[in-house]
Amino acid sequence: MTREFAWRWMRFLWLAVGMLFVCFPLYWMAVTALTPRTELFRPPYDVIRFSYSLENIRELLSATQFLTFMGNSLIVALGTVVINVMASTLAGYALSRFEFRGKKTFVAATLWTYMFPPILLAIPLYLVFSYIGLRNSYGGLILAHVSISLPLNVWIMWQYFQVVPRSLEEAAWTSGASRLRALIEVLLPSALPGIISAAIFSFALSWNDFAFAFILQTDIAMFTLPVGLATFVEQSAIHWGLIMASSLIVSLPTFALVFFLQRYLMHGFSIGK
Amino acid sequence: MSVALKLDNVTKTFTQNGKTIAAVDDLSLDIQPGEFFTFVGASGCGKTTTLRMIAGLETVSSGKILFDDQDVTNVTTQKRGIGMVFQDIALFPFMSIRDNIGYPLKVAGMPKSQIAQKVEAAADLLSITDKLSMRPTQLSGGQQQRVAIGRAIVKEPKILLLDEPLSALDARLRTEMRTEILRLHRRINATIVYVTHDQVEAMTMSSRVAIMEAGRAAQVDTPRQVFRAPRYESVATFIGTPAMNVWDMQVTGKAGQPVLQGGGMTVALTREDAAALDGFRWVRMGVRPAALKIVPQDEADFSAVLHLREPLGFEDECHLETADGTDIKLVGRVPDTLVEGASLHIAVDRADYCIFHPDTGKALRHGLAPLTAA
């Protein structure tokens, strides 16, 4: 009894320490973002502050190209998500339902691509994109992001479609539905959790990418947020207030995404039974 | 009258590890309109593959499938106009019961008001009217299977295919649903093709059954005929619970008065049996547990010791052992006074036994009904 009790508390203690490591930087980010510049470097650096202002955020939106970066990031991320969802769904379906030559190699190859760090692909891509004129374009960066997120998504969707019983699809066929109609009306709803995870994964990957955007987008007007944020670090000054304010804003969509869609992610594992 | 469903030399081969295996081997049979036709057999006998070929979910390697004299061998599943119920029920989990049942009509492009009407009618037939707004997961296994049947019959298909529809249900529900499906068959005007591994389902529900073995139909007959006059030893032992006793017996006795001997048993046969036994030194004799009777000593064929009795309620299943240790099963109303270890005198019902070829297992003679010509 007491032993069990002790174990329980030990576990909570570990969790608490872990949570501290995860949450404190987030907290510090938020606090710094909301502290006026004049107070930022004046000791004492209190852990809990009481005076807040939106000065950093106001400056971020008016005096920097933050909104341009944000717009670029959104366009690239959405493009990546749309292509990923469509391609991985169709590929996953094909892999799970058809037998064809080289299927095993294909599936293995999707995982091999993970052995290469993005930077290794970014430099050849820079050369290729320069040659075909895709540098500094949304399409080019979207393609680059798709190239690293799609393989895993194909894998995820393949696994998902394997779990959806064939009889579900066959029931639709015997009901008169064509293969495409059965895919859309019967299979996709069953695979929705998989599709949502694929979307989240590709969004997060594109939203957070630094390497590709840094190398492929040389024009500041085409910078995405992670690269744009780096411009706040200048040789003579590091604008901590601006960096933290933009970090705060950048992290919001990710929080929102996980918060609103985790219901689907959790629900997903029981559907299709 | 035209044949509702005709299989014409249908063969299905698979290639596995470079070897070609026939899952269904040159199967030909006719199913009449309105029949309740059952394919029964152990797993891997080709029964499900046959059904899937009828549904168009599996291609045919060679041979033809005809619906109403129309060749549908190369017609897609969608255009065959069948209804099908699957072993794992396969309801669309994200649709309400109403939408599940109405799905085939929606696909067919029927107006909403008409769909609603037909769904109501199907739900009424299956007594699930109060479940229509629910989701499949909110229903019990039996109710889910009713919904699946509703979805299959809502378009009023001429042919309704059922692939082991009751195997996912527990024993009591299975019995209930059996009756339910039979009642449904009486009410709807459809030819039913049913697949099961459960011989009780096959025997109780069907107009005719095909006993499948290794891709072939060992026997196609009415359940009664399959039980009384099995064409092969394998059919005889597959059908009936507990299984038929089968013994290796030596053919002895005088001409015209054969006697079978073996396993500590002696059974004198009649003149009618003589012709069938002609030329055999050994045969296999099959006697159903219910065709063995406990009799007074002077009427007995042999005696055996009662080893174990399992009360079935109305009757008992008795395990007996003959003088040389052969196990015999007997089912009947046995006096309560008989305890394990008692010595019993046993007679074979002369109207109910089979004699099989010792090598091929083909039936040579049935005591009960003469073997009809193949």
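Values quoted throughout were computed directly from the atomic coordinates according to the rules given, and no laboratory measurement underlies them. All values derive from a computational prediction rather than experimental measurement. Cβ placement follows ideal geometry from the backbone for every residue including glycine, while neighbour counts extend to all protein chains displayed.
Hey, if you put +1 on the Cβ of every Lys and Arg and -1 on every Asp and Glu Cβ in the protein assembly as shown, which of A:ALA204, A:LEU26, A:VAL227 ends up farthest toward the positive end of that dipole?
Value: A:VAL227.
So for chain B, Kirkwood radius off the Cα pairs, Stokes-Einstein at 25 °C and 0.890 mPa s: how many µm² s⁻¹? Working shown, then result.
On the way: Rh = 23.2 Å.
Answer from the Stokes-Einstein relation: 106 µm²/s.
Among A:12-22, B:132-142, what's the highest-first ranking by average C-beta atoms within 10 angstrom per residue? Don't skip to the end; give the middle numbers.
Details: A:12-22: 9.6, B:132-142: 15.1.
Those peptides, ordered most packed to least, come out B:132-142, A:12-22.
Put a dot 7 Å past each Cα toward the Cβ at B:SER62 and B:THR76; how far apart are the dots in nm?
Output for this residue pair reads 2.8 nm.
For the modelled label position 7 Å from the Cα of B:ALA268 along Cα-to-Cβ, which residues of the range B:278-300 have backbone nitrogen atoms closer than 15 Å?
From the range B:278-300, the list is B:297-300.
With everything on Cα atoms, drop me the angle between helix B:141-153 and the longest principal axis of chain B, reported from 0 to 90° to the nearest 10.
Tilt of helix B:141-153: around 70 degrees.
Compute log10 of I(q)/I(0) for the range B:13-139 with the Debye formula, placing one identical point scatterer on every Cα and leaving out solvent, at q = 0.12, 0.17, 0.21 Å⁻¹, to two decimals.
Evaluating at q = 0.12, 0.17, 0.21 Å⁻¹ gives log10 I(q)/I(0) of -0.65, -1.05, -1.25.
For the range A:205-230, list residues with backbone N below 13 Å from a point placed 7 Å from the Cα of A:ALA87 toward its Cβ?
No residues fall inside that zone.
Per-residue ellipticity at 222 nm for the protein assembly as shown, helices alone: DSSP H runs ≥ 4 residues times -39500 (n - 2.57), over residue total, nearest 500 deg cm²/dmol? If you can, show how the numbers build up before the last one.
Details: 23 runs with 297 residues, N = 647.
The helix-only estimate for the protein assembly as shown comes to -14500 deg cm²/dmol at 222 nm.
Using 0.36 nm per residue of separation minus the Cα-Cα distance, give me the extension gain between A:TYR45 and A:GLN159 in nm, one decimal. Walk me through the numbers before you get to the answer.
Working: separation 114, 0.36 × 114 = 41.04 nm, distance 5.02 nm.
Full extension of this stretch gives 36.0 nm more.
What ratio of Cα Rg to 2.2 N^0.38 Å holds for the range B:238-366? Please list the in-between numbers first.
Values: Rg = 14.7 Å, N = 129, 2.2 N^0.38 = 13.9 Å.
Dividing the Cα Rg of the range B:238-366 by 2.2 N^0.38 Å gives 1.05.
Pop the C-beta distance of B:LYS19 and B:SER207 into the FRET formula with R0 = 30 Å and round what comes out to the nearest 0.05.
Values: r = 37 Å, r/R0 = 1.24.
With R0 = 30 Å, the Cβ-Cβ based efficiency is 0.20.
Tell me the label-point distance for the pair A:ALA63, B:ALA351, using the 7 Å Cα-to-Cβ offset, in nm and rounded to one decimal.
11.0 nm
Let me know the volume per residue of the alpha-carbon convex hull for the range A:116-273, in Å³. All intermediate terms of the calculation are to be shown ahead of the outcome.
Working: hull volume 22.4 nm³, N = 158.
With only Cα atoms used, the range A:116-273 gives 142 Å³ per residue.
What does the extension gain come out to for B:ALA121 and B:ASP198, with contour length at 0.36 nm per residue minus their alpha carbon separation? Intermediate results must be reported in sequence, preceding the final value.
On the way: separation 77, 0.36 × 77 = 27.72 nm, distance 3.06 nm.
Stretched fully, the B:ALA121-B:ASP198 segment lengthens by 24.7 nm.
Compute the acute angle (0 to 90°) between the alpha-carbon long axis of helix B:171-187 and the principal axis of greatest extent of the alpha-carbon atoms of chain B; round to the nearest 10°.
Helix B:171-187 sits at roughly 70 degrees to that axis.
Evaluate the distance, in nm, between pseudo-label points positioned 7 Å from the Cα of A:LEU26 and of B:ARG172 along their respective Cα→Cβ axes.
Those two pseudo-labels are separated by 5.0 nm.
Only Cα pairs within less than 10 Å get springs; with that Gaussian network setup on chain A, which residue of A:ASP46, A:ASP219, A:ASP209 has the largest fluctuation?
A:ASP46
Connecting C-alpha atoms closer than 10 Å in a GNM of chain A, tell me which of A:SER206, A:SER73, A:SER130 has the biggest fluctuation.
Comparing A:SER206, A:SER73, A:SER130 in a Gaussian network model of chain A, the most mobile one is A:SER130.
If you fit an axis through the alpha-carbon atoms of helix B:97-107 and take the longest principal axis of the Cα set of chain B, what angle between them do you get, 0 to 90°, nearest 10?
For helix B:97-107, the angle is close to 70 degrees.
With just the Cα atoms of the protein assembly as shown, tell me how far they stretch along each of the three principal axes, in Å, largest first.
122, 71, 53
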